[in-house]
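Since the structure comes first, as C-alpha cells, the remarks are kept for the end.
Just so you know, all these numbers are worked out from the coordinates, no wet-lab data involved. What you see is a predicted model; the values in this text were computed from it and never measured. Because the Cβ atoms are built from the backbone with ideal geometry, glycine has one as well, and the counts that use them run over all protein chains shown.
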Amino acid sequence: MESNQSNTPSKKQRGDGFSVIDVLLILLSLAAVVGIVYRIVVTVTDDAPTGQVYRVYFEVSEVNRDVLAEVRAYDTVYLHENDMRLGAIGATVDEDGKTAPALTTALVEGTDLATATGCMVCRAVTAQDGSILVDGTGRYLTRGSVLTVRTDRVLMTIRITEIRTNG
C-alpha cells in the first residue's frame, strides 16, 4: 500500500517565522548589552577627573577642643547628610618637614571650647555666580555656606569663608 504522504516537512516542522519566545529572547539580549555598555560609560565618566582643584577655607565656631585635635591632614571630608565625598583636609609642612592639618585653633578662654580656621581641597567646576560645583556630589559651595561635615574621626559644622583655585 502506498501512502499519500509527501516527504516535505510541514510548516511547523521547518521552523519558519519567529515565535513570541524568540522575540522576547532577542529583546532581553539587547537590553543586557545596552545595560553593560551604559554601566561601562557611567563608570569611566564618574572616575574621570573633571574640573580643577580648589582650596576651600572654612571656620569652625566653638566646638570641644578635643574634636579639633582629632582632625588630621588628608582626612577625607564627607557631607554628613548623605556621605558624599567633598574633598580632603589640607596639609601644611613645618620647618622639620612634618605634615600637619591646615587647621589653626584658638582656645575659648575659661572653657573646653575652641574655634578654628582651616582648609580642605576639593575638585570642582566654577559656576557663573562664583560658587563651585563639587565633582560627584551635585553640591554647590559658596562663601558663607554652612555645612555639617564629617571625617572618619570627627563631625563638625563649618562655615565657608573663601574659595580659591589651587595654584
- request: Write down the radius of gyration of segment 105-146 and its Dmax, each obtained from C-alpha positions, in Å.
  value: 15.1, 45
- request: Could you tell me which of rounded, prolate or oblate describes segment 45-118, using a ≥ b ≥ c as the square roots of the eigenvalues of the alpha-carbon gyration tensor, with rounded for a/c under 1.5 and, failing that, prolate when a/b is larger than b/c and oblate otherwise?
  value: oblate
- line: segment 52-165: relative contact order from alpha carbon pairs under 8 Å, six or more residues apart, as a whole percent, is 36 percent
query: So how do 22-29, 141-148, 155-162 stack up, highest first, on mean other-Cβ count within 10 Å?
result: 155-162, 141-148, 22-29
query: Given 0.36 nm per residue, what is the gain on full extension from THR92 to HIS80 after removing their alpha carbon distance, in nm?
result: 1.8 nm
